[in-house]
1. Of the peptides 12-20, 111-119, how do they stack up when ordered by the mean number of other Cβ atoms within 10 Å, highest first?
2. Can you tell me which of 57-69, 127-139, 40-52 comes out highest on packing, and rank the rest after it, using the mean Cβ neighbours within 10 Å?
3. What does the charge count around residue 8 come to, taking other residues whose C-beta lies under 13 Å from its C-beta (Lys +1, Arg +1, Asp -1, Glu -1)?
4. Find out how many positive minus negative residues lie around residue 33, taking Lys and Arg as positive, Asp and Glu as negative, among other residues whose Cβ is under 15 Å from that of residue 33.
5. Say R0 is 30 Å: what FRET efficiency, to the nearest 0.05, do residue 163 and residue 31 get from their beta-carbon distance?
6. Stretch residue 175-residue 18 to full length: gain in nm at 0.36 nm per residue minus the Cα-Cα span?
7. If Lys and Arg each add +1 and Asp and Glu each add -1, what is the summed charge of the other residues whose beta carbon sits under 9 Å from the beta carbon of residue 181?
Amino acid sequence: MGSDHDLVANLMSKISSAFKIRDLGEHEFFLGIETIKCNDGILLSQQRYMNDILKRVGMAECKELVTPISASKSVSFSADLYDDPTQYRSLAWALQLIYMLLTITRPDLSFAVNLLCQHMHAPTVSHWEQLKRVLKYVKGTVSFGLHIKKSISRELHAFSNSYWTGCPEDRKSTSGFAVFLGSNLVS
């Protein structure tokens, strides 16, 4: 919570005079995010949660892929509806939970998960195949996380990019951004 223990104790005392609080100590696992201490900071990881999803759908031993969406060809979806939309929605929802926490640990999955969740009302066979591709990517990157370390700089740096040919179906911009506070990615 902080490096000045007296300041933290004073703050906790003031808060506890106004609210009923309990110090639960340092957290290790919260909302699917595991906090792993490193020599120079902490690693925020969703490895445990992602492994649970892979086991639940029988893909714990699947082949790993290096990208969540094919970079060499455009994503095209067939019109054949997937025969078990409930299974698709359940799995897409599990990934959506990761997606909601992605801004913390896995920004690399944002685009693919967002694209697949747009089709939960009527998923096709191609959507199901793409969903499995994302899971194969998750399998290969399950140990990825967000490393946060002490930074003496408090400068805010933002970077952005727009790529108007990224989605050949509708030519909508597939843009991205990164915001750093010191040396740490914050958004």
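1. Numbers: 12-20: 9.0, 111-119: 17.9.
Ranked from most to least packed, the peptides come out as 111-119, 12-20.
2. On the way: 57-69: 13.5, 127-139: 20.2, 40-52: 17.2.
Output ranking for 57-69, 127-139, 40-52: 127-139, 40-52, 57-69.
3. -3
4. Details: positive: 37, 48, 106; negative: 26, 28, 34, 52.
Computed value for this residue: -1.
5. Details: r = 31 Å, r/R0 = 1.05.
Result of the calculation: an efficiency of 0.45.
6. On the way: separation 157, 0.36 × 157 = 56.52 nm, distance 4.44 nm.
52.1 nm is the gain from fully extending residue 175 to residue 18.
7. Values: positive: 154; negative: 155.
With Lys, Arg at +1 and Asp, Glu at -1, the neighbours total 0.
Readers should treat all values here as calculations from the given coordinates under stated rules, not as data from a laboratory. On a predicted model such as this, the values are computed, not experimentally measured, just so you know. When we count neighbours, we look across all protein chains shown, and the Cβ atoms used for this are built from the backbone with ideal geometry, even at glycine.
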